[in-house]
Amino acid sequence: MSRLNRYQLAFLKWRRRQSNNRIMPFVLSVVVGLIAGLSAITIKTIIFYIEQYAVYFAPNLLNFLLPLIGFLLVTFINRNIFQKTAYFSGARNVIEAIEKHSSIIKFRLIYSKFITTGLTIGFGGSSGVEAAIISSGSAVGSNVGRFLGLGYRLRTLLIGCGVAAGISAVYNAPMGGFIFALETILPEFTPTLLIPLLVAAAAGKILFEFIMGQHLRFEVPITDFAYEQIPLVVLLGVLGMLMSSYLLKTYSYCAQYFSRVKNAYVRALIGGVALGSIIFILPPMYGEGYVSINALLNNEERSLFMNSPLAVLPNTLWANLLFFSLITLVKPISTGICVNSGGEGGYFAPSIITGGLLGFLFFKVADFMFPFYGINQATYMFLGMASVFACVMNAPVTAIFLVAEITQSYELFVPLMLVCAVAYFLKYYIENLSRSVVQPKGQSKALRVDRILLNQLSIKQLVEKDGAAVTENAGFRKVVESFASSDKDVLQVLDEQGMLKGIIRLQDFRQQLGDTSNYDTLLARDMMHPPEAVVELDESAAEVLDKFDKYNLWSLPVVRKGKFKGFISKSRLLTQYRTELTRVNRFF
């Protein structure tokens, strides 16, 4: 373990003086929330100014070159400045850091992702800011915990606080950020999580609103929902599930296609030209897409045709349906190209935009076929957002609260619950019917809880030290004597410096015990063999258990930079895990 610096020592002294240990997480959640709020302000400012100047200086006919410029800039930065963090892409990697890397996230991720994502979206990339804010917020929480010398549990809690605050600030949705952190990032709900996460989410939103002013993504009046429309809500939920499946398959296909292009700059060139061509034909594909959704909510449909070659289409119902169907189907393609060819961003916002477009199309058809219902356009756009988001992000509860908050449509809670339940149930049911569907890593809550509980165990405390060691030149008689003085069935062979050279297991020479003629001629080097696996002293308990299962062993040697430290047994590891499992508050 590294030596504590003076700041960590001062913090630990302050912490020991506190009679109530719950004060410290509360204070730190405020700190993390404020820093994550500043990150959200920074990324929104970067995107705003790049969009303003890029569009101002580029004539409409040259707009198709802007994504190419953005992709090449991001590729250059990732390969030359942020190469060590370029792989990090949001919630999936945050979960991986919690599960496999003891909640340690690189400091550079606090700022690197909102620079590259800001360039991507500012130059027209069709993605979302959430991957950047999740990466930045989680890095803030992790590094505040590391700076103060906190353990794994509190670092994980602060990561959740950073994510909650970031989503709360950038989407003006404190409950959405709070529930997203609980539902997606953190392993399970416990009462001790409530106050730190709520305080962090509130702090992020308050700071963002104080500096940037009040902002709502969508602000339109909603008429009262009539329960006679429930069949339409159920049907929209089915369509939302189908659309989410189309999104995910499109993203997967784009990832596979661009992975074949090995040169990063060629990949950026192909993606930039492809996305620029799409924007030239369909200008609503430029950027995140919230402008287009607001135009539709305010009955400004024809504004989406501006600067498009398709503006020559007649202003009829069927021509408009054709145009908006094209936009709805092309949006996932634009996002897939952007994220996989050189740009950066997330699928959070694109799922909301695509869902809104789906809801708009559904409204147009339903209003034409069932005019007697008197349905509201905004209602079905919001319900479409929730249904697609719930399935794409595997977060139905987050979808309900997030859409309700960003649209201020709290009166739609019942239809939002219904549409998300239908869409997510169908997705879950179909995936379990299909044997070909493989769940992505990090999606199983049970597996995540299991691994995180294991990661709370310290390998240093589980190491069993045994002085019964032999050198390579030790005779068979010495080996037998060492086994006799030990309660283990494995013996370490070391050199003069204590470096591990090999191991001898009792079953390796059991048959030779009766032949006493070998006792003075057979040496340890003749009987030893390399260990099947070695455990590093700073390795996680989850990885150690994986090694036990992989090699079907009950004990493994533990080393630190090759120097032998002792053995770890599977039985002791599982006993300690069961103890951890029965704790009242297993987390935080």
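Some observations on this one:
- Identity of the residue in segment 370-383, in a helix (DSSP H, G or I) and at pLDDT below 85, that ends up nearest to Asn320 (Cα to Cα): Pro371
- Scanning segment 545-572 for residues that are in a strand (DSSP E or B) and of a type in the set (Gly, Ala, Ser) yields Ser555, Gly566, Ser569.
- Residue ranges of helices (runs of 4 or more DSSP H) in segment 162-278 with at least 1 members farther than 30 Å from Val30 by Cα: 230-259
- Qualifying residue in segment 303-323 (condition: assigned by TED's automatic domain parsing to the domain that holds Leu248, in contact (Cβ under 8 Å) with a residue 60 or more places away in the chain and more than 18 Å from Met385 (Cα to Cα)): yes
- Residues of segment 195-213 satisfying the condition of being modelled with pLDDT under 90 and surrounded by fewer than 20 Cβ atoms within 10 Å (Cβ to Cβ): Ile195, Glu209, Phe210, Ile211, Met212, Gly213
- Test: residue in segment 302-312 that is among the hydroxyl-bearing types (Ser, Thr, Tyr), modelled with pLDDT under 90, over 25 Å from Leu416 (Cα atoms) and in a helix (DSSP H, G or I): yes
- Positions within segment 62-75 being surrounded by fewer than 21 Cβ atoms within 10 Å (Cβ to Cβ) and touching a residue at least 24 places away in the same chain (Cβ under 8 Å), in sequence order: Asn63, Leu65, Ile69, Leu72, Leu73
- Hey, Gly287 assigned by TED's automatic domain parsing to the domain that holds Val330, within 28 Å of Asn376 (Cα to Cα), among the small types (Gly, Ala, Ser) and touching a helix residue (DSSP H, G or I) at 6+ places or on another chain (Cβ under 8 Å) or not: yes
- Every listed requirement among (1) touching a residue at least 40 places away in the same chain (Cβ under 8 Å); (2) touching a helix residue (DSSP H, G or I) at 6+ places or on another chain (Cβ under 6 Å) is met by Ala131 save one, (2).
- Residue within segment 332-343 that is over 30 Å from Leu119 (Cα atoms) and either in the same structural domain as Leu248 (by TED's automatic domain parsing) or without any contact (Cβ under 8 Å) to a residue 60 or more places away in the chain (or both) present: no
- Only listed residue being closer than 18 Å to Leu119 by Cα and at pLDDT below 85, chosen from Phe48, Phe11, Phe82: Phe48
- Of Ser387, Ser292, all but one fail to be in contact with a Ser or Thr (Cβ under 9 Å, 6 or more places away or on another chain), more than 28 Å from Leu426 (Cα to Cα) and in a helix (DSSP H, G or I); the exception is Ser292.
- Failed item, numbered, when Arg16 is tested on (1) modelled with pLDDT under 80; (2) crowded, with 22+ Cβ neighbours inside 10 Å; (3) among the basic types (Lys, Arg): (2)
- Cβ-Cβ contacts under 8 Å between residues 6 or more apart (or on different chains), taken from a first residue in segment 502-527 that is assigned by TED's automatic domain parsing to the domain that holds Val490 and at pLDDT 80 or above to a second residue that is assigned to a loop (DSSP other than H, G, I, E, B) and basic (Lys, Arg), are absent.
- Of the criteria (1) of a type in the set (Gly, Ala, Ser); (2) within 19 Å of the chain's Cα centre (by Cα); (3) surrounded by fewer than 24 Cβ atoms within 10 Å (Cβ to Cβ), which one Gly176 fails: (3)
- Extreme residue, surrounded by the fewest Cβ atoms within 10 Å (Cβ to Cβ), among residues of segment 332-372 that are more than 18 Å from the chain's Cα centre (by Cα) and of a type in the set (D, E, K, R): Asp367
- Identity of the residue in segment 279-289, assigned to a helix (DSSP H, G or I) and within 28 Å of the chain's Cα centre (by Cα), that ends up nearest to Leu68 (Cα to Cα): Met285
Residue by residue, here is whether (1) outside any helix (DSSP H, G or I); (2) modelled with pLDDT under 75 holds:
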| site | (1), (2) |
| --- | --- |
| Ala399 | no, no |
| Leu402 | no, no |
| Met417 | no, no |
| Tyr428 | no, no |
| Gln443 | yes, yes |
| Ala446 | no, yes |
| Arg451 | no, yes |
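- Options Gly240, Gly276, Gly271; residue that is over 20 Å from Leu73 (Cβ atoms) and either of a type in the set (Val, Ile, Thr) or in contact (Cβ under 8 Å) with a residue 60 or more places away in the chain (or both): Gly240
The values are calculated or read from the model by the stated rules, or taken from the named source; none is laboratory data. These numbers were taken from a predicted model, which means no experiment stands behind them. Positions of Cβ are backbone-derived with ideal geometry, glycine not excepted, and every protein chain shown enters the neighbour counts.
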